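The structure appears below as C-alpha cells.
Please treat every number below as a calculation from the coordinates, not as lab data. Keep in mind that what you see is a predicted model, and the values were worked out from it rather than measured. Glycine also receives a Cβ, built like all others from the backbone with ideal geometry; neighbour counts cover every protein chain displayed.
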Amino acid sequence: MSTITINELNYQEVVGGAKQVVIDFWATWCPPCKAFGPVFLKTSEKYPEVIFAKMDVDENPNFSQEHNIRSIPTLWMLKDGELVYNQAGALDESTFDALIQKKLF
C-alpha cells in the first residue's frame, strides 16, 4: 500500500482498527516536509501491511492544535492503537526504515 491522505474527520476511522500506522504531519510550504515526502512514499511501498498516512496541518488546524503538533514534519507511529513514536524532523531512508522495524515489528 502506498500513502493515503487523512484528515481530522476520518482519522479515527483510518487508524482505529489498524495494527500498524505511520502518520506524516506536513504542510505544502515546508521544505523539510517536501524533502521527506519521497522517503515516506518509498518506504511505504516496502511495508504493505502498514498504513502510511499523511495529514496536512494547514487543512487540519484543530487536530494539530489538540495534539500539540508544533513542528513539521512530525512523524507518529501507532501500534495496536498506541502511540509508540512521536518526533518532529525529517529522516533519511535508512533511519526511517530502522525506526519502523524497531517500533512496529
>> For the stretch 55-105, give me each residue that is hydroxyl-bearing (Ser, Thr, Tyr) and within 17 Å of residue 8 (Cβ to Cβ).
In response: 64, 74
>> I'm checking my understanding of the structure. Among residues of the stretch 1-27 that are touching a helix residue (DSSP H, G or I) at 6+ places or on another chain (Cβ under 6 Å) and more than 21 Å from residue 71 (Cβ to Cβ), which one is surrounded by the most Cβ atoms within 10 Å (Cβ to Cβ)?
In response: 20
> Of all residues in the stretch 2-27, which are of a type in the set (D, E, K, R), out of contact with any Leu (no Cβ under 9 Å at 6 or more places or on another chain) and assigned to a loop (DSSP other than H, G, I, E, B)?
Replying inline: 8
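For the stretch 52-83, which residues satisfy the criterion of being surrounded by fewer than 16 Cβ atoms within 10 Å (Cβ to Cβ) and either assigned to a strand (DSSP E or B) or among the polar types (S, T, N, Q) (or both)?
Quick first cut of the stretch 52-83, residues surrounded by fewer than 16 Cβ atoms within 10 Å (Cβ to Cβ) only: 58-59, 61-62, 65-66, 68, 70-71, 80-83.
62, 65, 68, 71, 82, 83 - these are the residues of the stretch 52-83 that are surrounded by fewer than 16 Cβ atoms within 10 Å (Cβ to Cβ) and either assigned to a strand (DSSP E or B) or among the polar types (S, T, N, Q) (or both).
State whether the residues of the stretch 41-52 include one that is farther than 23 Å from residue 95 by Cβ and either under 14 Å from the mean Cα position of the chain (by Cα) or free of Cβ contacts under 8 Å to residues at least 24 places away in the same chain (or both).
Looking for residues that are farther than 23 Å from residue 95 by Cβ and either under 14 Å from the mean Cα position of the chain (by Cα) or free of Cβ contacts under 8 Å to residues at least 24 places away in the same chain (or both), one finds none in the stretch 41-52, hence no.
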>> Can you tell me how many residues within the stretch 90-104 are in contact (Cβ under 8 Å) with a residue 40 or more places away in the chain and surrounded by fewer than 12 Cβ atoms within 10 Å (Cβ to Cβ)?
In response: 1
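Looking only at the stretch 28-36, decide whether some residue is outside any helix (DSSP H, G or I), aromatic (Phe, Trp, Tyr) and in contact with a helix residue (DSSP H, G or I) (Cβ under 7 Å, 6 or more places away or on another chain).
No: the stretch 28-36 contains no residue that is outside any helix (DSSP H, G or I), aromatic (Phe, Trp, Tyr) and in contact with a helix residue (DSSP H, G or I) (Cβ under 7 Å, 6 or more places away or on another chain).
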